[in-house]
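Have a look at the structure below before the remarks.
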Amino acid sequence: MDQNLTARLKGGEKMALKHFMPNLEDVVEDLGVSGIAAIVLLPVLIPVAAGVGKPIAKATIKGGIVLYEKGKGVIAEVGETFEDMVAEAKAELAEAKASEVEEATN
């Protein structure tokens, strides 16, 4: 780029920065009345949407916390059940080994 804010394209043609800026008439045509109205009303609508969105977000967060707490309880119960099954399996193995030793000594 040089001081005139130009760039050379692949074909060697110079292109000034003004070529990259949108034409205001094109913008108005593309957006239409509804687009321009949206741009004008956006500063008013954002706070309204934020006011409505905050209670929804808080309710979602509360629901997530409740699910997390319930999930912790379920996982703890599953862990206890698994530990009980492991203890029972070890006891059965120890019992089987003890009976093998008893049979071998007799």
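The numbers here are math on the coordinates, done by the rules we state, and not lab data. None of these values were measured; they are calculated from a predicted model. Note that we place each Cβ from the backbone using ideal geometry, even for glycine, and neighbour counts take in every protein chain shown.
In order along the stretch 90-105, the Karplus-derived 3J(HN,Hα) couplings, from 6.51 cos²θ - 1.76 cosθ + 1.60 at θ = phi - 60°, round to 5, 5, 5, 5, 5, 5, 5, 5, 5, 5, 5, 5, 5, 5, 5, 7 Hz, and Gly and Pro are given as x. Model label sites at residue 52 and residue 82, defined 7 Å from Cα along the beta-carbon direction, differ in position by 4.5 nm.
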